[in-house]
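Below is one structure, written out as C-alpha cells; the observations come after it.
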Amino acid sequence: MAQTELAIEKSVLTIEQLAERWGVHQNTIRRRIQCGAIPSHIIGKGHKISIKWIEAYEDGEKTQKPVAEYKKDDDLAKMKRQSEVLEAENRLVDAKIKKVENERRLLTLEGVVTDARKLAALKQEIEKDKVGLEELRSKLAGQKKELEMREDALDRDEEQCEIAKEELEKGKQAFSIAMQEKEKRVADHEAAMVVREDEIRKREEQANEEMSKLKDERKNLERTEQKINKYLELMRQWRDAQGLVKKKHIADRLLGY
C-alpha cells in the first residue's frame, strides 16, 4: 500500500509544485483547472496533475507563448466560459434542427394536417433559436474582439513595464557611477586637505624657528648695543679725562709752574 502511494506521488504534482515549476501564482493554476484548461484529479486533500500531461503540455508549448502570459483577469476566463456555453447552445440548436428534419421525414400523408401546427410551432421555435443564436454569436464576436483588444493592451503594458525596468536599471547605473565619482572627488579633496595641513604645519614650524632665531638675534643685538653704549660711555669719559688733563697743563703753564 505504501509503495502504491509513493508511486502515485511520483507520477503527479500538486498545485503548489506545478506553480513553482512554471513560475506562476497558485491562483493562476487553480483558475486554469476551473476553466478546464488543466486536467486534474482530486487525490487525498487536493487536486493532483499528471506529470505525463505536464511534460506533453510543456513539449507542445515550447513554440507558443510562455505560461506566465496566462495570468490575466478573471473577466477573461469568464468570457472564455461564456464562449464555450454559446458553442454548446449552438450544438443544441443544430441537434434540434436535425430532430425536426428527422420528424419531417417520418411524417406520413395522413399526419401532415395533424402535425402541421406542431411543425409550424417547431419552425417558429427554430427561428427564435436562430435569432437568439445570431445574437449570441454577435455577442460572442464582440467579446472575442474585446478579449483580443485587452490582450493587446496587456502586451503593450508588459512592453512598457520592460522599458520602464530598463530605464530604471540605467538610472541605477548612472546614479552608482555618479556616487563613485563623487566619492572619488571627496577622497581626493580629503587627501589634498591632508597634504595642505602638512604644508601648513611645516610652515608654522619654520615660522616658529625663524621667530626663535629672530629673538636670539634681537638679544644679540641688544647685547651688542649695550656693549657699544658702554664703549661710547668709556670713550666719553676718556675724552673728558683727556680734556681735564690738557686744561690743567695749560693752567700750569699760565701760572708758571
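The values are calculated or read from the model by the stated rules, or taken from the named source; none is laboratory data. What you are looking at is a predicted structure, and each value in this text was computed from that prediction instead of being measured. Cβ: placed from backbone, ideal geometry, glycine included. Neighbour counts: every protein chain shown.
Looking only at the stretch 137-154, which residues are within 23 Å of residue 91 (Cα to Cα) and among the basic types (Lys, Arg)?
137, 139, 144, 145
I'd like the full set of residues that are part of a loop (DSSP other than H, G, I, E, B) and modelled with pLDDT of 85 or more, limited to the stretch 38-56.
Matches in the stretch 38-56: 38, 39, 40.
Among the listed residues 74, 152, 59, identify the single one that is within 26 Å of residue 28 (Cβ to Cβ), under 35 Å from the mean Cα position of the chain (by Cα) and modelled with pLDDT under 70.
Result: 74 is the single residue among 74, 152, 59 that is within 26 Å of residue 28 (Cβ to Cβ), under 35 Å from the mean Cα position of the chain (by Cα) and modelled with pLDDT under 70.
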